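To start, the structure itself, in structure tokens.
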Amino acid sequence: MRESRFYLSEAPMGITRRRLATTGAAVLAGTVLTTVTGCARDRTNSSTTDKIRVLTGAGFQGREAPLLVARAQGWFREEGLDVEVLPGKGSGENLKLLAAGEVDVATLDVSAAMIEASKPDGIRDFRLTTVLHQRNLACFVALRSSGIRVPRDFEGKRLSYLPGGINYVLFPTYARLAGFDPSRVTWVGNPVAPQHAALLAARQVDAISQFVPAVESVRSVAKQDLVVFPFSDYIGDLHGSAMAVSTQTGQRRADVVRRFNRALLAGLDYCIRNPEAAGAVYAGQPETQGQQAALATAELTALKGYVTPVTDGQMGHFDLGRVARNIAILHAAGALGRGLTPDDIITPVLAG
């Protein structure tokens, strides 16, 4: 069995770092975008402001910065939107809140959304609109001193998980492909994503659920060498997170959704082009509770390889051929409960 790991100083395996393609003006640190990915952000004068409640993926972490940066820079306001950013609780809980009408927009992992929609009694009242991460970010992180070197070493160990999070949802598939028994681990649940690093540092668990770009934040808490196990080592061509709305919202408020996504993608583009400036903006928001700007910057810097389109498409836009492959991979692994097509869950025209 090959050893599946990379250390903190290494780049994520299989990541290509293409230059972001945009047709708008180049963004300089501290300036306001006027265009992004070819979409003009001008809006006709209107006295109407649409209120939007949006969930992050899980809590407030550096990779969630585009939402807060877009709000802080006034790009939602320019689109006639009043946006409240709320801490997400993982894809499972986020989808429940979206379906119940508690929020207008939710961040979901694409694979988790597919798996839920394929269940006989699953939630299907949602549409994915714009994709934030073209590649799946899920991983487990262990202390190097733990002796965990390959995925099989997870057997008999304690692993943290975020209830409803993609690491837990995809774990049986990951384990089967990595060649070990998924039932031979002990799960320790914690609904607060940032607290998982403290569990690892205190050795209350042997490995934690995490996203690859956040490894530097984990190291700052653990204060020792880490070993990282990306799911992408064994499950290739899966998407990461995307924004979702209810089916009704997508139909009745299509213009509002497009305006929201335009501003959000402006924030994403700015964060990737200017991680240091964006990290400072993120750390200055009341929701982040004094998080270090340097750690947000490190996470945004690492995020670039996951945001850049795999093909020559636009940032934030789905490649439906890749979506079909994402479905096929999950179906072949036995993770999908029924037939599913990209059209069942994605509305590309709402991307912005």
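Structure data summary
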{"quantity": "In segment 275-296, residue modelled with the highest pLDDT [restricted to those that are farther than 22 Å from residue 243 by Cα and not in a helix (DSSP H, G or I)]", "calculated": "284"}
{"quantity": "The listed residue being surrounded by fewer than 22 Cβ atoms within 10 Å (Cβ to Cβ) and either under 30 Å from residue 247 (Cα atoms) or touching a residue at least 24 places away in the same chain (Cβ under 8 Å) (or both), out of 227, 221, 215", "calculated": "221"}
{"quantity": "Residues within segment 150-163 that are open to solvent by 20 Å² or more (accessible area, probe 1.4 Å) and within 24 Å of residue 57 (Cβ to Cβ), tallied", "calculated": "4"}
{"quantity": "All positions within segment 180-192 that are in contact with a Phe, Trp or Tyr (Cβ under 9 Å, 6 or more places away or on another chain) and in contact (Cβ under 8 Å) with a residue 24 or more places away in the chain", "calculated": "180, 184, 185, 187, 188, 189, 190"}
{"quantity": "Filter pass, residue 142 being in contact (Cβ under 8 Å) with a residue 60 or more places away in the chain, farther than 27 Å from residue 342 by Cα and either basic (Lys, Arg) or not in a loop (DSSP other than H, G, I, E, B) (or both)", "calculated": "yes"}
{"quantity": "Test: residue in segment 46-53 that is modelled with pLDDT of 95 or more, open to solvent by 10 Å² or more (accessible area, probe 1.4 Å) and under 18 Å from the mean Cα position of the chain (by Cα)", "calculated": "yes"}
{"quantity": "Hey, residue 299 of a type in the set (Asp, Glu), buried (at least 23 other Cβ atoms within 10 Å of the Cβ) and not in a loop (DSSP other than H, G, I, E, B) or not", "calculated": "yes"}
{"quantity": "Matching residues in segment 73-92 - criterion: being open to solvent by 10 Å² or more (accessible area, probe 1.4 Å) and under 17 Å from residue 171 (Cβ atoms)", "calculated": "91, 92"}
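Residues checked against (1) touching a Leu at 6+ places or on another chain (Cβ under 9 Å); (2) under 16 Å from residue 65 (Cα atoms):
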{"residue": "260", "(1), (2)": "yes, yes"}
{"residue": "282", "(1), (2)": "yes, yes"}
{"residue": "307", "(1), (2)": "yes, yes"}
{"residue": "320", "(1), (2)": "no, no"}
{"residue": "327", "(1), (2)": "yes, no"}
{"residue": "331", "(1), (2)": "yes, no"}
{"residue": "336", "(1), (2)": "yes, no"}
{"residue": "344", "(1), (2)": "no, no"}
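The values are calculated or read from the model by the stated rules, or taken from the named source; none is laboratory data. Treat the numbers as computed from the prediction; the structure is a model and nothing was measured. We place every Cβ from the backbone using ideal geometry, glycine too, and count neighbours over all the protein chains shown. Remember, those area values only see protein heavy atoms, side chains included, never the ligands or the DNA or RNA. Shrake-Rupley method; radii C 1.70, N 1.55, O 1.52, S 1.80 Å.
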